[in-house]
């Protein structure tokens, strides 16, 4: 609903549909998967309390509440504005950053001030989707192992260092075991530089600074299990993928243009 570092907005349609009536996102962020399948029971979990506060506040908002938020200009300091609550200010601090991992005070000069208006419209138009959702501030490891579709999108092993709770706070072998032990349908997001699960290349992404390939691991078969994608020009070998690729196809990944920083 709002601009956020590592958002799956450009690739969300490539992930498998949920096989269960409940979706759990243990690293919620802006929850693009849950928003796509919003009519399911949804539980969003995040260790960063600010994210959960934003979601809970949005759940209580009306479209008019969102429309009344300010629309600051590039390079403007939003501390010049008065907000009704801290959650509204938190949301605005993400909206003005144009997809940064941390909240900002100054509106990005790269045209993201104008982007606030479109983000406001998008949020106001989608509030109805989240009315029945549940939110939890906490760590993924604390969650009950229930049957659900688990959409697991942690800070990436390579590139996930910019979040307030970054990849430095994660034990990836432990996270891998936890993912594999979940009951139900498990979808794990990463890029092809990761080595903590046997990820399969899914979608090439061209950012303004980096070119990466989004990858997937699932405990169910996916469309990417036997598809070998061309990774030429990546700048770094995809060692995890090259060890595990099956079949002999040579289907190139679709290149998707993305704005802002590289996904993480």
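Go through the residues of the range 50-57 one by one and say whether even a single one is part of a helix (DSSP H, G or I), out of contact with any strand residue (DSSP E or B) (no Cβ under 9 Å at 6 or more places or on another chain), touching a residue at least 24 places away in the same chain (Cβ under 8 Å) and closer than 28 Å to residue 185 by Cβ.
Here is the first cut: in the range 50-57, the residues part of a helix (DSSP H, G or I) are 50-57.
Still in the list and also out of contact with any strand residue (DSSP E or B) (no Cβ under 9 Å at 6 or more places or on another chain): 50, 54, 57.
From what's left, touching a residue at least 24 places away in the same chain (Cβ under 8 Å): 50, 54, 57.
Then keep just the ones that are closer than 28 Å to residue 185 by Cβ; that gives 54.
Scanning the range 50-57 turns up at least one residue that is part of a helix (DSSP H, G or I), out of contact with any strand residue (DSSP E or B) (no Cβ under 9 Å at 6 or more places or on another chain), touching a residue at least 24 places away in the same chain (Cβ under 8 Å) and closer than 28 Å to residue 185 by Cβ.
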Discussion item. Given the condition at pLDDT 90 or above and crowded, with 20+ Cβ neighbours inside 10 Å, answer yes or no: does some residue in the range 220-239 qualify?
Written reply: yes
Response to the item:
When restricted to 30, 9, 3, the only residue without any contact (Cβ under 8 Å) to a residue 60 or more places away in the chain, crowded, with 19+ Cβ neighbours inside 10 Å and in a loop (DSSP other than H, G, I, E, B) is 30
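Just wondering, is there one or more residues in the range 93-109 that are within 17 Å of the chain's Cα centre (by Cα), within 17 Å of residue 23 (Cα to Cα) and surrounded by fewer than 17 Cβ atoms within 10 Å (Cβ to Cβ)? Steps first, please.
If we filter the range 93-109 for residues that are within 17 Å of the chain's Cα centre (by Cα), which is where we start, we get 94-95, 97-103.
Of the ones still in play, those that are also within 17 Å of residue 23 (Cα to Cα) are none.
No: the range 93-109 contains no residue that is within 17 Å of the chain's Cα centre (by Cα), within 17 Å of residue 23 (Cα to Cα) and surrounded by fewer than 17 Cβ atoms within 10 Å (Cβ to Cβ).
Quick test for you: out of 157, 119, 142, pick the one residue that is without any contact (Cβ under 8 Å) to a residue 40 or more places away in the chain and buried (at least 17 other Cβ atoms within 10 Å of the Cβ).
Working: 119 fails: without any contact (Cβ under 8 Å) to a residue 40 or more places away in the chain; 142 fails: buried (at least 17 other Cβ atoms within 10 Å of the Cβ).
None of the other options fit; the residue is 157.
Does residue 221 satisfy the criteria of being in a loop (DSSP other than H, G, I, E, B) and touching a helix residue (DSSP H, G or I) at 6+ places or on another chain (Cβ under 9 Å)?
On the way: in a loop (DSSP other than H, G, I, E, B): yes; touching a helix residue (DSSP H, G or I) at 6+ places or on another chain (Cβ under 9 Å): no.
No: the conditions fail for residue 221.
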Worksheet, complete the sentence: Per the filter on the range 76-96, residues touching a residue at least 60 places away in the same chain (Cβ under 8 Å) and out of contact with any helix residue (DSSP H, G or I) (no Cβ under 7 Å at 6 or more places or on another chain) are 94
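The values are calculated or read from the model by the stated rules, or taken from the named source; none is laboratory data. What you are looking at is a predicted structure, and each value in this text was computed from that prediction instead of being measured. No Cβ is skipped: glycine too gets one built from the backbone with ideal geometry, and neighbour counts run over all protein chains shown.
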